[in-house]
1. Can you pull out every residue in segment 197-208 that is surrounded by fewer than 21 Cβ atoms within 10 Å (Cβ to Cβ) and touching a residue at least 60 places away in the same chain (Cβ under 8 Å)?
2. Under 6 Å between Cβ atoms, at least 6 apart or on separate chains: pull out the pairs that start in segment 78-106 with a residue that is touching a residue at least 12 places away in the same chain (Cβ under 8 Å) and closer than 21 Å to ASN133 by Cα and end on any residue that is charged (D, E, K, R) and crowded, with 24+ Cβ neighbours inside 10 Å.
3. Quick one: which of ASP132, ASP192 is closer than 18 Å to ILE59 by Cα and free of Cβ contacts under 8 Å to residues at least 12 places away in the same chain?
4. Within segment 72-141, considering only strands (runs of 3 or more DSSP E) that don't extend past its boundaries, which have at least 2 residues that are of a type in the set (Val, Ile, Thr)?
5. Would segment 165-182 turn up any residue that is of a type in the set (Gly, Ala, Ser) and part of a helix (DSSP H, G or I)?
6. Go through segment 100-121 residue by residue and tally those that are surrounded by 23 or more Cβ atoms within 10 Å (Cβ to Cβ) and under 15 Å from LEU171 (Cβ atoms).
7. Which residue pairs have Cβ atoms under 9 Å apart, sit 6 or more places apart or on different chains, and have a first residue in segment 137-152 that is in contact (Cβ under 8 Å) with a residue 12 or more places away in the chain and among the aromatic types (Phe, Trp, Tyr) and a second that is buried (at least 17 other Cβ atoms within 10 Å of the Cβ) and outside any loop (DSSP other than H, G, I, E, B)?
Amino acid sequence: MKNLLKNVSFAILLFKSCLLSGQDLDAKKVVVIDPGHGGKDSGAIGENSVQEKEVVLNIAKAILELNEKSKSPMEIYLTRYNDTLIYLSDRTKLAKTLKVDLFVSLHCNHSDNPYARGIEVYVGSQQTQYSDNATWLAFNLQANLNKKMGFESRGVKFANFQVLRETIGYLPSVLVELGFLSNGDEENYYSDSKNLRLVANLILTTLKSML
């Protein structure tokens, strides 16, 4: 029954997106924020039990809240609004159905090396008409996050991750690795709700500057 409710919730969201895709959305730019993992898939887990799925969901929800409070001309949707596991293909389907202007997937990193640290932003390795805009977005996110957070920069990279592979042909999309939960300092950073809100504001400000 629980899994059925999850599927029904996402189906409702997708149905709403289909209705919206038929409307004139020129007045508002549309962005999908994709909090990675969820449900039984916790993603990376730090030594102090900080979970990637919770960190990225809290940041995504803060982005949504800050955007609504700012009366922004930007419309933001999340691929998940609670602790549920959404298939990767459904996440990208939402973005394509909405014909969004940007798709941003949020993650935290993990390494067997406890000293690995820093932020990296990925762009789809396939070259399309949206690759240049995606790369520019990635560089801006990297620069703004590193400048304000003080995390090391691991650069902009290219990869064939599914959420990028299935969107880059339709819209600018990036995947952000917001530091390493396997690093004690960076895990502690994400233990503070104030820092989550700061990261959310930095991402939102960057997105607004790109649209």
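1. Hits for segment 197-208 are ARG197, ASN201, THR205, THR206, LYS208.
2. ARG91/ASP34; SER105/ASP34
3. When all the criteria are applied, what remains is ASP192.
4. In segment 72-141, the matching strands (runs of 3 or more DSSP E) lie at 119-124.
5. No, the conditions are met nowhere in segment 165-182.
6. Residues that pass the stated criteria total 5.
7. PHE139/VAL121; PHE139/VAL156; PHE151/ILE119; PHE151/LEU145; PHE151/LEU178; PHE151/GLY179; PHE151/GLU186; PHE151/TYR189
None of the figures in this text is laboratory data; all of them are computed from the coordinates on show. Since this is a predicted model, take the numbers as computed values, not measurements. Cβ sites come from the backbone with ideal geometry, for glycine too, and all protein chains shown count toward neighbours.
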